[in-house]
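First up is the structure itself, then whatever we jot down about it.
The values are calculated or read from the model by the stated rules, or taken from the named source; none is laboratory data. Predicted model only: the values in this text are computed from it and were never measured. All Cβ positions, glycine included, derive from the backbone under ideal geometry; neighbour counts span all protein chains shown.
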Amino acid sequence: MIRLPSVPSVSLARIAAAACFGGLLTAASLASAQNAAPADAVRLHAADQTFIADGTKAVATQRDAARIATARSADRDVKAFAERVSDDDAKITDALRAASPRGVDVPKNDPDEAVLASINNLRGAEFDKRYIEQVALAGEQKALSAFQAEIASGRDEKLKAAAKQALPTIQQHYAMAQELAKRKHLTVAAQ
């Protein structure tokens, strides 16, 4: 058996207290450093923040309204347009989420509820007219504006790239909406 020299109990208590205090300081420093990193990752230029809010809202509104249109419209042209928009906008939403910086919350489903409510209880020709005018035409214009603004003023390269990649699809949706409106004898405003 090996005997260790005896150490006064007061010294052991001081050593233990110092070790605990040192461990607490280290843990506090690590926690502080971890909390600071995500805050830095979340800082976005105002244009990028606006794009995330407005772009995702426009796309989500288009997508959700298109789902309503596929269920409520009896017109095959309106249904075909709505199905295309719904499929494409789901992909655009996923691309925006993938492109967003780590720590930035990109809403997956944040549509403009007022727009959806304005078409939700309509049927037939009345539904088609309101859907084409308020959602297909006006809604696609909002989406175009949001994506063009990000391309022009955004600072986050991944978000700008996602906007550039999605823009041709949104432009195509708008052109399709204009053609649909003409076929249905509705007024088409120039962009």
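Taking V42 and the conditions (1) touching a Gly at 6+ places or on another chain (Cβ under 7 Å); (2) at pLDDT 95 or above; (3) of a type in the set (A, V, I, L, M), which numbered condition does it fall short on, given that it satisfies the others?
(2)
Could you list, in sequence order, all residues of the stretch 147-162 that are of a type in the set (A, V, I, L, M) and surrounded by 23 or more Cβ atoms within 10 Å (Cβ to Cβ)? Spell out the reasoning first.
Looking only at the stretch 147-162, we keep the residues that are of a type in the set (A, V, I, L, M), and these are 149, 151-152, 159, 161-162.
Correct list: L159, A162.
Surrounded by 21 or more Cβ atoms within 10 Å (Cβ to Cβ) and either of a type in the set (A, V, I, L, M) or more than 15 Å from Y174 (Cα to Cα) (or both): does that describe S73?
Criteria met by S73.
State all residues of the stretch 163-191 that are at pLDDT 95 or above and among the small types (G, A, S); if no residue qualifies, say none.
Listed by number, the residues that qualify are A163, A166, A175, A177, A181.
For the stretch 146-191, what are the residues that are among the acidic types (D, E) and not in a helix (DSSP H, G or I)?
D156
Among the listed residues A53, A143, A66, identify the single one that is loosely packed, with under 15 Cβ neighbours inside 10 Å and of a type in the set (A, V, I, L, M).
Going through A53, A143, A66 in turn, the sole match is A53.
What number of residues within the stretch 118-135 are within 11 Å of T61 (Cβ to Cβ) and of a type in the set (A, V, I, L, M)?
So the count comes out to 2.
Take the residues in the stretch 90-133 that are among the polar types (S, T, N, Q) and surrounded by fewer than 16 Cβ atoms within 10 Å (Cβ to Cβ); name whichever of them is nearest to I170 (Cα to Cα).
Per the stated criteria, the residue is N109.
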